[in-house]
1. Just to confirm a number: summing +1 for Lys and Arg and -1 for Asp and Glu over residues other than Pro45 whose beta-carbon lies under 9 angstrom from that of Pro45, what do you get?
2. The chain: percent of C-alpha pairs farther apart than 19 Å?
3. Please check: in the Gaussian network model of the chain (C-alpha springs, under 10 Å), which one of Gln82, Gln68, Gln28 has the largest mean-square fluctuation.
4. For the chain, take the longest principal axis of its alpha carbons; what is the angle in degrees between that and the long axis of helix 19-36, to the nearest 10 within 0 to 90?
5. Report, in listed order, any pair from Lys13/Lys52; Lys52/Lys105; Lys15/Lys64; Lys15/Lys63 with a Cα-Cα distance greater than 28 Å.
6. Tell me the mean residue ellipticity at 222 nm calculated for the chain from its helices only (DSSP H runs of n ≥ 4, each -39500 (n - 2.57), averaged over every residue, nearest 500).
7. For Lys24 and Ile50, calculate 0.36 nm times their separation in residues minus their Cα-Cα distance, and state this gained length in nm to one decimal.
8. By how many nm would the segment from Thr81 to Arg11 lengthen if fully extended, with 0.36 nm per residue of separation less the alpha-carbon distance?
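Nothing in this text is a laboratory measurement; each read-out follows from the coordinates by a stated rule. Source: prediction; values computed, not measured. Note that we place each Cβ from the backbone using ideal geometry, even for glycine, and neighbour counts take in every protein chain shown.
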Amino acid sequence: MNIGTTPSNIRIKVKSFNRSLIGKYIKQVVNMVVKTGSQLSGPIPLPRKIQKITVLRSPHIDKKARDQLEIRTHKRLLLITQPTINTVEFLMRMVIPAEIHISVKL
């Protein structure tokens with residue numbers, strides 16, 4: 001990519017364990033993209049990943065007493081078509097919360 005040109009499409013994939021936090025971040029990105037005049041497809045909710053873990057309550061006796069824990073990973077996909085230079089600059093400057101993982105493909 002040359003300096004001064006913008007990519008044709010930007011694909012942003014957002015993952016988080018916290019559903020409300022991911023919703024707030026997506027709203028900020030959507031408002032910013034609309035304000036800069038780019039076209040947006042999404043947010044597209046992707047299937048969440050549920051990881052179940054079974055642990056023993058007592059390490060010595062009572063093998064039947066167990067706890068089940070689960071971790072849910074929520075995912076969203078944003079497709080920005082025809083981004084402007086302002087859109088790319090705003091995306092670079094945005095503050096990302098520590099609980100959110102983002103992958104960007106140009």
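1. Summing Lys/Arg as +1 and Asp/Glu as -1 gives +3.
2. Above the 19 Å cut-off, the chain has 53 percent of its Cα pairs.
3. The residue with the greatest mean-square fluctuation here is Gln68.
4. The two axes meet at around 0 degrees.
5. Lys52/Lys105; Lys15/Lys64; Lys15/Lys63
6. -8000 deg cm²/dmol
7. 7.2 nm
8. Using 0.36 nm per residue and subtracting the Cα-Cα distance, I get 24.3 nm.
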